[in-house]
Structure formats: structure tokens, C-alpha cells
Amino acid sequence: MKDDYAPPTREEIAQLPKNPLKLLMSGCLAGLPCGTDGTDYGEGKNFAWLLGLSNVQVTTFCPEEFSFGTPRDVPNCVGGNGFDVLDGRARVVTHGGEDFTDGMLRAAEKMRRLALEKKVDLAFMQNVSAACGTSIVYDGHRDQKKLLKGPGVASAALLRAGVRLVGEQDRRALEYLHQHLDPGHVVDTEARNNEETDWYQSYFES
């Protein structure tokens, strides 16, 4: 059981299978119109390179759509991150005030079981989301702009099950993953993981 998230290092990525890599992917990152507004938030085009690789077996899942349908009100963790929700110390509440906690827990368990049944090597998750966030989530209504370190509820369940995660904002790790799967890819040495960015360090150090 692992109660924190860190993007995989180059050395850890080098240990992953490459033919095939079994990947569990947040539905919106795969281009599915499962976001709260019925779109993919424009993410699908950003990761077409990953979906187009013949040596990747992709399983897609959107925890929020599973429990609440699409479109839906925006849910956020309140009073803690995904681990806190799993342990009963925090809740998941929508912008309209509806309590989504029970449904989010069901969805997280479904995603955990799916990862284990498919024997995935890696889960590629949408950061900030109350379900799929990796390194940060909102605490309460997003207009308050209060962020917490830690994963969303589904990501927390995956971490506790021993599933390796990478977040879509962890650009350095994704560059290494791209080269691991496609040796012809030239790594962007300027790419940084979320926690390495100026805004992240400024926000959490202030």
C-alpha cells in the first residue's frame, strides 16, 4: 500500500514492459467526451501519440461518468484529498452542493478492480480531478482556488492497490515514457513534471 504519488523516474519507466505496455487511461485523456461538460476538455489531441502506438494496449475509464453520467455538475474533494475521502475524513461535493461521496467511492473501487483484472502496467490519469487527480486536487468549489497536494479518490485507490500512476501534467515523465515506447522519440529536455514547475512551487511554498 502506497499513500503518496510521485511521477515515475526514467529508471522506473525503463523497467516497464514495452511490447505491449498495458495502460489504463482516464477517458478524457483518450479523447472520450466524458468530461463534466460533455467534452474531452481538448485533451485527446494532446495524447494521440500514445493512442497511436501499436505496442500499447489501452483500457479507458472515467470514474465520474461511471457513477454520475455525462454531462454532470463539477465535483471536488472537500476537507482533504482522495486518501482522506477513502478513509472517511473528507467528502466529495459538487458545485451545486450535492454529495457525490458514495458514488465516487463506488467508481474508485470499479477502477481499482479494472486495473487489477487487466493487470495494467501503468495508469495515465487526469490531474486536478476529484477522481483522477495525481499530485493535486481542488479543496471545495473551484472558484475558491484552494489546492491540496495529493491524489483524487480513484487515483488514491489505485495507489493503495500498488498500481503505478503518471499524471498528464508530468511532462518529463511522459517524455521518458514516449521514448521508452518509441526509441525514435527525442526527449524534450526542457519538459518538467508538475511539482517542478514555477507555479506549483510558488503556490505550495507561499
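Here is a yes/no grid of residues against (1) of a type in the set (Val, Ile, Thr); (2) closer than 18 Å to Asn127 by Cα; (3) at pLDDT 95 or above:
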position: Asp4; (1), (2), (3): no, yes, no
position: Arg10; (1), (2), (3): no, no, yes
position: Ile13; (1), (2), (3): yes, no, yes
position: Pro20; (1), (2), (3): no, no, yes
position: Gly35; (1), (2), (3): no, yes, yes
position: Leu51; (1), (2), (3): no, no, yes
position: Phe68; (1), (2), (3): no, no, yes
position: Gly82; (1), (2), (3): no, yes, yes
Flag if Met104 is under 27 Å from Glu12 (Cα atoms) and of a type in the set (A, V, I, L, M, F, W, C): no
From the options Asn19, Asn76, residue that is open to solvent by less than 70 Å² (accessible area, probe 1.4 Å) and either assigned to a helix (DSSP H, G or I) or touching a residue at least 24 places away in the same chain (Cβ under 8 Å) (or both): Asn76
Test: Ala115 is aliphatic (A, V, I, L, M) and closer than 15 Å to Cys77 by Cβ: no
Search result, residues across the range 139-155 that are under 10 Å from Asn76 (Cβ atoms) and either of a type in the set (Val, Ile, Thr) or touching a helix residue (DSSP H, G or I) at 6+ places or on another chain (Cβ under 8 Å) (or both): Gly152
Residue within the range 144-152 that is over 28 Å from Ser67 (Cβ atoms), open to solvent by 20 Å² or more (accessible area, probe 1.4 Å) and assigned to a helix (DSSP H, G or I) present: no
Within the range 153-174, tally of residues that are surrounded by fewer than 22 Cβ atoms within 10 Å (Cβ to Cβ) and farther than 27 Å from Val187 by Cα: 3
Qualifying residue in the range 175-184 (condition: within 14 Å of the chain's Cα centre (by Cα), open to solvent by 10 Å² or more (accessible area, probe 1.4 Å), modelled with pLDDT of 95 or more and not basic (Lys, Arg)): no
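Under 22 Å from Gln179 (Cβ atoms), touching a residue at least 12 places away in the same chain (Cβ under 8 Å) and within 15 Å of the chain's Cα centre (by Cα): is that true of Phe61 in this structure?
Values: under 22 Å from Gln179 (Cβ atoms): no; touching a residue at least 12 places away in the same chain (Cβ under 8 Å): yes; within 15 Å of the chain's Cα centre (by Cα): yes.
Answer is no for this residue.
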Test for Val137: is it modelled with pLDDT of 95 or more, among the β-branched types (Val, Ile, Thr) and not in a loop (DSSP other than H, G, I, E, B): yes
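Table: residues versus (1) at positive phi; (2) open to solvent by 10 Å² or more (accessible area, probe 1.4 Å); (3) touching a residue at least 12 places away in the same chain (Cβ under 8 Å).
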site: Gly96; (1), (2), (3): no, yes, yes
site: Leu105; (1), (2), (3): no, yes, yes
site: Ala108; (1), (2), (3): no, no, yes
site: Ala130; (1), (2), (3): no, no, yes
site: Glu205; (1), (2), (3): no, yes, no
Hey, Pro33 surrounded by 18 or more Cβ atoms within 10 Å (Cβ to Cβ) and not in a helix (DSSP H, G or I) or not: no
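The values are calculated or read from the model by the stated rules, or taken from the named source; none is laboratory data. In this text, all values refer to a predicted model and were calculated from it rather than measured experimentally. Note that we place each Cβ from the backbone using ideal geometry, even for glycine, and neighbour counts take in every protein chain shown. Note: areas computed on protein heavy atoms with side chains; ligands, DNA, RNA excluded. Shrake-Rupley method; radii C 1.70, N 1.55, O 1.52, S 1.80 Å.
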